[in-house]
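**Q** This is the structure I have questions about; it appears just below.
The values are calculated or read from the model by the stated rules, or taken from the named source; none is laboratory data. What you are looking at is a predicted structure, and each value in this text was computed from that prediction instead of being measured. Reconstructed Cβ throughout: ideal geometry from the backbone, glycine too, with neighbour counts over all protein chains shown.
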Amino acid sequence: MHRSKVATVVLSIVPGLGHFYLGLMNRGLQLMIAFFGLLLLADLFRLSYPFPAWILWFYSIFDAVHQHRKTEEEGKVTDLPFVQWSRMGQPTHRWFGWLLVLVGVYFLLDNLLPGVFGWEIYEMIRKSLLALVLIWLGCRLLLGKPLLPTISKERSDHP
């Protein structure tokens, strides 16, 4: 079935809708939930610019166009989920567990620190920590390292 590339791009303005149009319901729903979830988290963290949500938004548009091209070339594309939840328990996906722990610690400290330090100092600490994380991630990218440390599958007992 032929699908319009223009319609795919226009619908992709809302993350996931272009995927829905192509019949990729799982992928589209995950992208839509992830995008609006990131916007919600940005609001909860009081970030003035929801940078991760915009990255996902651009990715969603380009992925929809890519999926459209694959559909045109191959005739049908398998609806693989954006995030494969069945693999989350594997050691290579432990970053997601650490992310959840860090978000939980942030929420805990978000409720405790303003009363201890005062609002101005708390805001300075919060924004400084976010800046340090962004600098650390940028340095890892500039040095050609992966964003998050990887866990090797082979372990050696030799020193």
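**Q** The conditions are (1) exposed (fewer than 15 other Cβ atoms within 10 Å of the Cβ); (2) within 21 Å of Ala7 (Cβ to Cβ); (3) basic (Lys, Arg), and Arg27 fails exactly one of them. Which is it?
**A** (1)
**Q** Show the residue pairs that are 6+ apart or on different chains and have beta-carbon atoms under 8 Å apart, the first residue being within segment 65-91 and modelled with pLDDT of 70 or more, the second being surrounded by fewer than 12 Cβ atoms within 10 Å (Cβ to Cβ) and not β-branched (Val, Ile, Thr).
**A** So the pair list comes out as Glu72/His2.
**Q** Please work out which residue is nearest to Leu102 (Cα to Cα), limiting yourself to segment 133-157 and to residues that are over 17 Å from the mean Cα position of the chain (by Cα) and either outside any loop (DSSP other than H, G, I, E, B) or at pLDDT 80 or above (or both). Write out each step before concluding.
**A** So the first thing to find is which residues in segment 133-157 are over 17 Å from the mean Cα position of the chain (by Cα), and the list is 135-136, 139-140, 142-145, 150-157.
Right, trim to either outside any loop (DSSP other than H, G, I, E, B) or at pLDDT 80 or above (or both) and you get 135-136, 139-140, 142-143.
On the way: Ile135: 17, Trp136: 16, Cys139: 20, Arg140: 19, Leu142: 24, Leu143: 24 Å.
Here the residue is Trp136.
**Q** Return the pair list, or none, for Cβ contacts closer than 7 Å from residues in segment 109-123 that are outside any helix (DSSP H, G or I) to residues that are surrounded by fewer than 13 Cβ atoms within 10 Å (Cβ to Cβ), at least 6 apart or on different chains.
**A** Within 7 Å, no pair qualifies.
**Q** Then there's this: Within segment 27-37, can one find any residue that is charged (D, E, K, R) and not in a loop (DSSP other than H, G, I, E, B)? Reasoning before the result, please.
**A** In the first step, residues of segment 27-37 are kept if they are charged (D, E, K, R); the result is 27.
Among the residues that remain, those that are also not in a loop (DSSP other than H, G, I, E, B) are: 27.
Yes, segment 27-37 contains a residue that is charged (D, E, K, R) and not in a loop (DSSP other than H, G, I, E, B).
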